[in-house]
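Below: the structure, in structure tokens.
The values are calculated or read from the model by the stated rules, or taken from the named source; none is laboratory data. These numbers were taken from a predicted model, which means no experiment stands behind them. With ideal geometry, Cβ positions are generated from the backbone for all residues, glycine too; neighbour counts draw on all protein chains shown.
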């Protein structure tokens, strides 16, 4: 196959990937601005009536007039959608706290595992890395009982602790690989200059591994933001529910309209899309430049 044929296959593959990744987002965005009665009407164009009233309802509580008109598919509108803005703030707090805990604990642990020998290193590292293989459903009951005994069930702290614990093995594994590849001469020179192990970590390892640290932090944030099982079991009232739980309850509610559900989906995914677009661009650029220099 010639270069032209390979180019065509590459373009087709890229289009299919884009279709299956960005397609649902585009459909949700379109469905969020189209009322139900227009969406399901066979004699009208989809974009005959475009409105932002669903967004206004979620943020202000003002019921869209489209739901009060005759011919609407639903005359009721779910108030669960109004929990979306607060749940976004809850998810941001939980995910950021899980990110910080992962980096504060995971980066030093990864450095120690990568650069030093100590008793039980291999056993503890294998236990840490293999722990995510345990099914989440098998941990729900014992973890719930422990957190209930500690009086944390129904609080954001319980969800933060669980999300940080679940992401920590990945943080240690990824960062230990980067720390292990760093030249030993750098740390030997630091010791000769009088640096302690902590100073070597902060002054040498951390600056060199900043792209990897940012990538693992972003991974921990996304893992926490999207997690549902522990968030559902450990969250209490609406004031502490993250966005994953609110979106699940919104999807199960028979009173909610399709356009309102799509609006909630768009609101839920916009923060993560913005974060990835802003952070990953610089992370990927630093990783690629580092690879070229190496």
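Of the residues making up segment 187-215, those that are over 23 Å from the mean Cα position of the chain (by Cα) and within 18 Å of residue 113 (Cβ to Cβ) are 187, 197, 198, 200, 201, 202, 204, 205, 206, 208. Checked against (1) in a loop (DSSP other than H, G, I, E, B); (2) modelled with pLDDT of 80 or more, residue 56 passes all but a single condition, namely (1).
Among the residues in segment 115-128, are any touching a helix residue (DSSP H, G or I) at 6+ places or on another chain (Cβ under 9 Å), in a helix (DSSP H, G or I) and in contact (Cβ under 8 Å) with a residue 60 or more places away in the chain? Yes, some residue in segment 115-128 is touching a helix residue (DSSP H, G or I) at 6+ places or on another chain (Cβ under 9 Å), in a helix (DSSP H, G or I) and in contact (Cβ under 8 Å) with a residue 60 or more places away in the chain. For segment 194-215, the condition of being surrounded by 20 or more Cβ atoms within 10 Å (Cβ to Cβ), assigned to a loop (DSSP other than H, G, I, E, B) and at pLDDT 85 or above holds for at least one residue.
Would a scan of segment 151-172 turn up a residue that is at pLDDT 85 or above, part of a helix (DSSP H, G or I), crowded, with 17+ Cβ neighbours inside 10 Å and more than 21 Å from the chain's Cα centre (by Cα)? Within segment 151-172, not a single residue is at pLDDT 85 or above, part of a helix (DSSP H, G or I), crowded, with 17+ Cβ neighbours inside 10 Å and more than 21 Å from the chain's Cα centre (by Cα).
Within segment 33-51, one or more residues are within 30 Å of residue 257 (Cα to Cα), under 27 Å from the mean Cα position of the chain (by Cα), modelled with pLDDT of 80 or more and surrounded by 12 or more Cβ atoms within 10 Å (Cβ to Cβ).
If you go through segment 234-260 and pick out every residue that is in contact with a helix residue (DSSP H, G or I) (Cβ under 8 Å, 6 or more places away or on another chain), farther than 17 Å from residue 95 by Cα and touching a residue at least 24 places away in the same chain (Cβ under 8 Å), you end up with 9.
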